[in-house]
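Trainee: Attaching a single structure in structure tokens format; questions to follow.
The values are calculated or read from the model by the stated rules, or taken from the named source; none is laboratory data. Computed from a predicted model, the values in this text were never measured in an experiment. In this analysis, Cβ positions are derived from the backbone assuming ideal geometry, glycine residues included, and neighbour counts consider all displayed protein chains. All accessible areas refer to the heavy atoms of the entire protein, side chains included, with ligands and DNA or RNA removed. Shrake-Rupley method; radii C 1.70, N 1.55, O 1.52, S 1.80 Å.
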Amino acid sequence: MTRTYSRRLARLLASLLFAMLFLGGCTMIGASGAGAEYRIALLLPESKTARYEAYDRPFFEAKIAELCPQCEVIYANADQDPAKQQQQAESAFAQGISVLVLDPVDSSAAVTIVASAQSHKVPVISYDRLIGSPELAFWVSFDNEKVGALQGKALVEGLAAQGLSSGNIVMVNGAPTDNNSRLFKKGAHSVIDGSAYDVVAEFDTPNWSPDKAQEWVASQVTQHGDTLVGVYAANDATAGGAIAALKAGGVSPLPLVTGQDAELTAIQRIVSGDQYMTIYKDLKREAEIAATHAVSLLNGVPLVGQSEETNGIPTTLLNPVIVTIDNIMETVVADGFYTVEQICTSEYAQACAAAGITG
């Protein structure tokens, strides 16, 4: 009888503890009755791409502060160094984090970070780039194969709209260590390969480096010159490097150049006619989903994705959107991603007016 009563009491206490965790946001009540602070780590891969410091980090931190005022975000950026990211993860574990949100530099190398997290009983949310481990609590990203297909579609349709029935394309792909790059490339090839245009060369850009992209495109200008009608650039940073190389090589008119991430400088290049398109991704929503799920993990709430599971991992993949000069107002401006004033500085005021981009 005593043992049965003890078991019932233990179950009751466990239920009460879970209720306090759930209703209290993220404040665990310890033996002393004081609220214990939770630590959530956010590890991002690099800073050459503007999105991470300008959007992902502040959106994530703001949502955590809203949902869990007692939570502390342990933040680090790996600057494209997988060994540095490993050290940052170990430092976070040493600081007693309860959840790790990880955007890996190297999707394969990050498996060791997940294994270490498992040994510390820390669940891992794979953020944006999928980590090659089945031991993940959640993955949130965009439909990255669709991203590449949309880039390819915009490029092919843009060339056709110019009346070009043939021509050469070079492809500036993303970093080979980034799993998303493989998906972007696959999606782009699924459209470009069946088109009227020929891919004459392609390059996997180390560390997504704009400088490396510029250097490689410069070599292609030397080889292919004015036969280039299009440049598939996997993101806006590499697009910027490609455009710099094309201009330095005297290529005129510029071929159509794709991009991704809707960086402010890319939107301005689209306004001025240097870049043809970019892909807008709702980074606020992505970061807020990651933050919300991190707090759910603290509270013991099961995670459910909005997309099909990925290798048994709950997953949410958000939809990317093509942005050209024709829909800047309906996309990045309408969503408050940028204001007209931010885009249309004095340098771009005349081009903005011609495009109907007005505040």
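Trainee: I'd like the carbon and sulfur percentage of the solvent accessible area for segment 240-359, probe radius 1.4 Å, heavy atoms only, ligands and nucleic acids excluded.
Mentor: 50 percent
Trainee: Relative contact order for the chain using alpha-carbon pairs under 8 Å, separation at least 6, rounded to a whole percent?
Mentor: Averaging sequence separation for qualifying contacts and normalising by length gives 16 percent for the chain.
Trainee: Using only C-alpha atoms and all pairs of different ones, pull out the Kirkwood radius for segment 279-358 in Å with one decimal.
Mentor: Its Kirkwood hydrodynamic radius stands at 15.2 Å.
Trainee: Using the alpha-carbon atoms, what tilt in degrees (0 to 90, nearest 10) does helix 2-23 show relative to the longest principal axis of the chain?
Mentor: The angle comes out at about 30 degrees.
Trainee: Net charge near Gly167: determine it from the other residues with C-beta under 13 Å of the C-beta of Gly167, scoring Lys and Arg +1 and Asp and Glu -1.
Mentor: -2
Trainee: Further, regarding this structure: Taking the chain as the reference, fit the longest principal axis to its C-alpha atoms, fit the long axis of helix 179-192 to the helix C-alpha atoms, and give the angle between the two in degrees, 0 to 90, nearest 10.
Mentor: On a 0 to 90 degree scale, this one is about 40.
Trainee: Moving on to the next point. How would you rank 146-158, 243-255, highest first, on the average number of other Cβ atoms within 10 Å across their residues?
Mentor: 146-158, 243-255
Trainee: Here is a further query. Could you run the Karplus curve 6.51 cos²θ - 1.76 cosθ + 1.60 with θ = phi - 60° over segment 51-66 and give me ³J(HN,Hα) per residue in whole Hz, x for Gly and Pro?
Mentor: 4, 5, 7, 7, 10, 4, 4, x, 5, 5, 5, 5, 5, 4, 4, 5
Trainee: Also, quick follow-up: Quick one: what do you get for segment 180-221 if you divide its Cα Rg by 2.2 N^0.38 Å?
Mentor: Output field value: 1.29.
Trainee: I'd like to know how the chain sits against the 2.2 N^0.38 Å rule of thumb: what's its Cα Rg over that expected value?
Mentor: 1.13
Trainee: Compute the acute angle (0 to 90°) between the alpha-carbon long axis of helix 144-161 and the principal axis of greatest extent of the alpha-carbon atoms of the chain; round to the nearest 10°.
Mentor: Long axis of 144-161 versus the principal axis of the chain: about 20 degrees.
Trainee: Normalising by the residue count of segment 147-293, find the relative contact order in percent from Cα pairs under 8 Å and 6+ residues apart.
Mentor: That works out to 24 percent.
Trainee: Sticking with this structure for a sec: If you average over every viewing direction, what projected area does the convex hull of the Cα atoms of segment 180-337 give, in nm²?
Mentor: The directionally averaged projection comes out at 11.3 nm².
Trainee: Right, next: Hey, what's segment 273-334 come to in accessible area per residue, 1.4 Å probe, Å²?
Mentor: 42 Å²
Trainee: Which residue, Asn235, Asn77, Asn319, tops the fluctuation ranking in a GNM of the chain built on C-alpha contacts under 10 Å?
Mentor: Most flexible of the set in this elastic network: Asn319.
Trainee: Just to confirm a number: summing +1 for Lys and Arg and -1 for Asp and Glu over residues other than Thr310 whose beta-carbon lies under 15 angstrom from that of Thr310, what do you get?
Mentor: Here the charged neighbours net out to -3.
Trainee: Something else: For a protection proxy built on the mean count of beta-carbon atoms within 10 angstrom, sort 225-233, 57-65 highest first, please.
Mentor: 225-233, 57-65
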